[in-house]
C-alpha cells in the first residue's frame, strides 16, 4: 500500500511538472490585409467619389471585426482624368500602402472629376507593379477597380494578361461597374473579375450617401469621437501635420452627417487607427515611452508645459482616458449596428439598387474567409 501511494505521488508530481513545462500557446498572428482602391474620376463619376468619401470608415470597420486586429494597409489610385499623364494611361497613384487612414481620407477628399479616357487594365497593372505587396502567402491582397465605361479600352495591356499576373501573385481583383446590370458593357467588367478570381458587382454609384440611415446613437458616438481626438500626443517633426490632418478629417466626416462621423469615431476606437508617433498608443501597448530620448522640440505642447518628472504620468493618464472612451464607443456601436440590421431587415429592397459599400462589404467578407480571416458579425 505504501509503495502504491508513493508511486501515485510521483505520478501526480510528474504530471504537474509536465504541465508546468508545457509551452504557452502562441498568440495568434494578426493577418496582413493589403487593399488597393482604384477609382474612375472621369466627368460622370462624382457619385462614386462621394460614396467612397462617405463609406471609407464603414468599410474599414468591417476589417476591424477580425480577431486579432489585422495589419491593414490601404493604397489608392485614380484614373481617367484628362489632366493626368497620357504616358501612364491617365492613371495617377494617390498613395502607396499606408496604415495612416487619415491620409487615405484626405486623398479621397482631394479627388476631382474631369475627362477622360478610362483604362481599367492599366490602373490595375499599376497597382500590381507599383505597390509593395505583403510577402505572406496567407495575406489577404485585394484590388477594387470601379468605373462606368467599357473595361477593355486599353490597347497596351489586356484584361486577361493583368488578371493572370494578379492570380499568379495571389492578388484578387474585384470589379465594380457603376451602371445598370443590363448594360451591354457590364459583361466586360464581369469577365475581368472572373479571370482575376474576384467578384463582380453592378452598383448605383449615387445611392450610398443618400441611403445612409441615421440612428439614435450617432450623435453620442460622434461626440465621444471628438473627445477621443483630444487624447493624441504626437511626437516628432511631423506632429503638427498629424494633428492638423486628424482635425481636418474629423471635420470632413462631420460635414457628411452624424452617421459618417459616428463611423469614423468607431474606427478611431479600434486597433486599425494607428500612429507610430503617438505616445498614448505606446502607453496602451505598455511600450517604453523613452521620453528622455526625445528632444524638447519633438514633444507635444501639452507635455512641454509640464516638469519632466510629470510627463510620463500624464501620458499614462491620457491612455487610461482613451481606453475608457474607446470602450464606450464600441459598446454604443453594438447597439447602433443592431439598430441598422433591424432597419435593413424591415426594408430589404433598397431603393435604387446596391451601393458602393454593399459591393465592397460582400467581397471583403467572402475573400477574408477564404484566407482564414473570420470577420465577426
For residue 85, are the conditions met, namely being in contact with a strand residue (DSSP E or B) (Cβ under 9 Å, 6 or more places away or on another chain) and either at pLDDT 95 or above or assigned by TED's automatic domain parsing to the domain that holds residue 193 (or both)? yes
Please give the helices (runs of 4 or more DSSP H) falling wholly within the stretch 155-247 in which 3 or more residues are in the same structural domain as residue 334 (by TED's automatic domain parsing) and touching a helix residue (DSSP H, G or I) at 6+ places or on another chain (Cβ under 7 Å). 218-229
Here are 75, 116: which of them is at pLDDT below 95 and either under 18 Å from the mean Cα position of the chain (by Cα) or in the same structural domain as residue 359 (by TED's automatic domain parsing) (or both)? 116
Find the residue count for the stretch 243-272, including only residues that are touching a strand residue (DSSP E or B) at 6+ places or on another chain (Cβ under 9 Å) and within 13 Å of residue 225 (Cβ to Cβ). 1
Scanning the stretch 251-279 residue by residue, those without any contact (Cβ under 8 Å) to a residue 60 or more places away in the chain, more than 15 Å from residue 61 (Cβ to Cβ) and in contact with a helix residue (DSSP H, G or I) (Cβ under 6 Å, 6 or more places away or on another chain) turn out to be 254, 258, 279
Could you say whether any residue in the stretch 282-298 is part of a loop (DSSP other than H, G, I, E, B), within 19 Å of residue 228 (Cα to Cα) and touching a helix residue (DSSP H, G or I) at 6+ places or on another chain (Cβ under 8 Å)? no
If I filter the stretch 307-325 for residues that are in contact (Cβ under 8 Å) with a residue 24 or more places away in the chain and either farther than 29 Å from residue 243 by Cα or in the same structural domain as residue 63 (by TED's automatic domain parsing) (or both), do I get at least one hit? no
Condition met for residue 170 (at positive phi and within 21 Å of the chain's Cα centre (by Cα)): yes
Of the residues in the stretch 119-140, those that are surrounded by fewer than 23 Cβ atoms within 10 Å (Cβ to Cβ), in contact (Cβ under 8 Å) with a residue 24 or more places away in the chain and either within 20 Å of the chain's Cα centre (by Cα) or in a loop (DSSP other than H, G, I, E, B) (or both) come to 128, 130, 131, 132, 133, 134, 136, 137, 138, 139
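The values are calculated or read from the model by the stated rules, or taken from the named source; none is laboratory data. Since this is a predicted model, take the numbers as computed values, not measurements. Cβ sites come from the backbone with ideal geometry, for glycine too, and all protein chains shown count toward neighbours.
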